[in-house]
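First up is the structure itself, then whatever we jot down about it.
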Amino acid sequence: MIKVKQTVRIYEENNQETPLGAEKNIGIESHENYDDQVILVIGRRRITVIGEDLKTAIDNAMNINRF
């Protein structure tokens with residue numbers, strides 16, 4: 001099986017901007033045993049979630065009306 005790894009830059013942590021040069025990332029990896037799950041790597045923590053649930057949560061969080 002091919003292992004897939006992606007990173008997403010963290011722009012803010014605890015409502016504080018991440019300073020330039022001190023960039024942090026969240027890793028997203030494929031799960032070695034389950035095609036429907038992904039692993040979020042945040043610091044030393046590895047958190048497994050259902051990929052579709054994560055995609056839905058992101059879509060819902062971005063689907064807001066700003067006036």
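The values are calculated or read from the model by the stated rules, or taken from the named source; none is laboratory data. Keep in mind it's a predicted model, so treat the numbers as computed, not measured. No Cβ is skipped: glycine too gets one built from the backbone with ideal geometry, and neighbour counts run over all protein chains shown.
Taking the conditions exactly as written (surrounded by fewer than 10 Cβ atoms within 10 Å (Cβ to Cβ) and either at pLDDT 90 or above or polar (S, T, N, Q) (or both)), does Ala57 satisfy them or not?
no
May I ask you to list the residues in the range 21-44 that are in a strand (DSSP E or B) and among the charged types (D, E, K, R)?
Matches in the range 21-44: Lys24, Glu29.
Go through the range 1-20 residue by residue and tally those that are assigned to a loop (DSSP other than H, G, I, E, B), at pLDDT 90 or above and of a type in the set (A, V, I, L, M).
Of the residues in the range 1-20, 1 are assigned to a loop (DSSP other than H, G, I, E, B), at pLDDT 90 or above and of a type in the set (A, V, I, L, M).
Restricting attention to the range 1-42, which residues are β-branched (Val, Ile, Thr), surrounded by 10 or more Cβ atoms within 10 Å (Cβ to Cβ) and touching a residue at least 24 places away in the same chain (Cβ under 8 Å)?
Residue satisfying the conditions is Val4 alone.
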